[in-house]
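What follows draws every value from the coordinates through simple rules; no lab data is involved. Remember, it's a predicted structure, so these values are computed and weren't measured experimentally. Backbone-built Cβ (ideal geometry, glycine too); neighbour counts: all protein chains shown.
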């Protein structure tokens, strides 16, 4: 029992010795500040975040530009298709009218008594 | 001097008669037109137009309502579901196979199709057949087969088309106006 008490006192003594206050001496604070200033790790984190933000902005801008280009391309293609459809429509109606005219002329000629014409309505 | 627009009366009257006729079995107003791919190579000019409902709608969107002829065209195609044209011009007489034309003609023998007009000119060697498709008393399609020595044309219009409106567009679609006699007040040609 007394042996345990002795061990505890010894441990306590060693701890007090190890944890005693030590004066860091003059210039401790400037040294710490200088070391903090020189530490590169502190600057890395904000720089990396800035790069990520830049890439995100670039990606977003690229997406917007791509979307605008695609919309423009779609619009141009739609315009071309519409103009072509309009041209074909006019052409189709023109051909239709032309052939109706052909029939009309034949009927008209027949009506006027020209020979070698046959028509039935 | 008033230019006559009544020249389609000869065609409109039978259309009206057919429209008022008894109901017939529903026909397929859309014809199955051959490709005529082989002919396109031999023809000096070829027209191959297939405008279905969506393309007609697209085309209508590109018609300028502020222009009278565009507005008239828009009204003309309002009831249409499709326009299909095959036309080939050759530099020699009858270079096209009559069999393929007959193939289309056979489709027009189906119930519902009525031949309105057939004109055969032995002098000009031309033949024009005009058919109308009638469904329940309503004309819902038109087909024209025109055979000329150096050209043959097939037109298939699905839907109801106003021929009088089409005629009013004459001269505005690139078709030169015919020198028709002007009508007097009594409807007879002026001298």
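How many partner chain Cβ atoms sit within 10 Å of a residue's Cβ in peptide B:135-148, on average, as a whole number?
The mean count of partner-chain Cβ atoms within 10 Å per residue comes to 1.
Just report the Cα centroid separation between region B:56-83 and region B:96-139, whole Å.
Computed from Cα coordinates, the inter-centre distance equals 27 Å.
When you look at the Cβ of every residue in B:58-66, what mean number of other chain Cβ atoms sits within 10 Å?
Per residue, the average neighbour count from other chains is 5.
May I ask you to derive the FRET efficiency for residue A:28 and residue A:7 from their Cβ-Cβ distance with R0 = 35 Å, giving the value to the nearest 0.05?
0.45
Take the Cα pairs of region A:1-75, get the Kirkwood Rh, then feed it into Stokes-Einstein at 10 °C and 1.306 mPa s and tell me D in µm²/s.
The Stokes-Einstein estimate is 83 µm²/s.
First check a/c for region B:81-141, with a ≥ b ≥ c the square roots of the eigenvalues of its C-alpha gyration tensor; if it is under 1.5, answer rounded, and if not, answer prolate when a/b is larger than b/c or oblate otherwise.
In terms of gyration-tensor shape, prolate.
Tell me, what is the FRET efficiency for residue B:92 and residue A:65 to the nearest 0.05, using R0 = 35 angstrom and their Cβ-Cβ distance as r?
After rounding, the FRET efficiency stands at 0.05.
I want to check the label-to-label distance for residue B:135 and residue B:40. Put each point 7 Å from Cα in the C-beta direction and report it in nm to one decimal.
2.9 nm
Give me the one-decimal nm value for the distance between modelled label points at residue B:50 and residue A:17, 7 Å along each residue's Cα-to-Cβ direction.
10.3 nm
Can you give the mean number of other chain Cβ atoms that lie within 10 Å of the Cβ atoms in peptide B:79-87?
3
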